[in-house]
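Read through the structure below, which is laid out as structure tokens, and then see the notes.
The values are calculated or read from the model by the stated rules, or taken from the named source; none is laboratory data. This one's a predicted model, so the numbers in the text were calculated from it and none came from an experiment. Cβ sites come from the backbone with ideal geometry, for glycine too, and all protein chains shown count toward neighbours. What goes into the accessible areas is simple: the full protein's heavy atoms, side chains included, and nothing from ligands, DNA or RNA. Shrake-Rupley method; radii C 1.70, N 1.55, O 1.52, S 1.80 Å.
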Amino acid sequence: MDAVTFAEGLKSGRNLRAADIAQLRKNLHGQVVLPEDHAYENGRKVWNGTVDKRPAAIVYCTNTEDVIEAVNFTRLRQLLVAVRSGGHNVAGSSMCDDGVVIDLSRMKRIEIDPARRIARAEAGLTLGKRN
């Protein structure tokens, strides 16, 4: 299924109700940034400066529960979603116009178990990031 066909059935996030945003903010450990917020312009920037997308909201997740909350919020409202971790996709796929960006960039936890030779890294880590 191509992106255009997929997006056709989804709703714009520009008409999100204030009560819905308030409830989302209450349920998150992270932060919700809207176009009228001071942090919005910086929050919508990605590595590729030619990408100029304007999401209806950016949800900064800080843990797995936040991700679940953000996914459920958008799914129940049938909103267009983009997911950003490092924000380095050349095409700008980690941003969307009029949808909700679920931003994982603040999730930088890493666990290393040398005895079992297992590493677990959260999605916000980027190359060279150290704990």
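Pick from segment 106-120 the residues that are open to solvent by less than 70 Å² (accessible area, probe 1.4 Å) and under 25 Å from W47 (Cβ atoms): which of them is modelled with the lowest pLDDT?
Result: I110.
Would you mention how many residues in segment 54-68 are in contact with a strand residue (DSSP E or B) (Cβ under 8 Å, 6 or more places away or on another chain) and not hydroxyl-bearing (S, T, Y)?
The number of residues fulfilling the criteria is 8.
Give V46, V101, V59 a once-over and let me know the one that is surrounded by 12 or more Cβ atoms within 10 Å (Cβ to Cβ), within 21 Å of A22 (Cβ to Cβ), among the aliphatic types (A, V, I, L, M) and out of contact with any Pro (no Cβ under 8 Å at 6 or more places or on another chain).
V59
For H29, which of the numbered conditions (1) buried (at least 19 other Cβ atoms within 10 Å of the Cβ); (2) modelled with pLDDT of 95 or more; (3) of a type outside the set (S, T, Y) fails to hold?
Of (1) buried (at least 19 other Cβ atoms within 10 Å of the Cβ); (2) modelled with pLDDT of 95 or more; (3) of a type outside the set (S, T, Y), only one is false for H29: (1).
Does G87 satisfy the condition of being at pLDDT below 95, at positive phi and surrounded by 15 or more Cβ atoms within 10 Å (Cβ to Cβ)?
Considered against the rule, which asks whether it is at pLDDT below 95, at positive phi and surrounded by 15 or more Cβ atoms within 10 Å (Cβ to Cβ), G87 comes out as yes.
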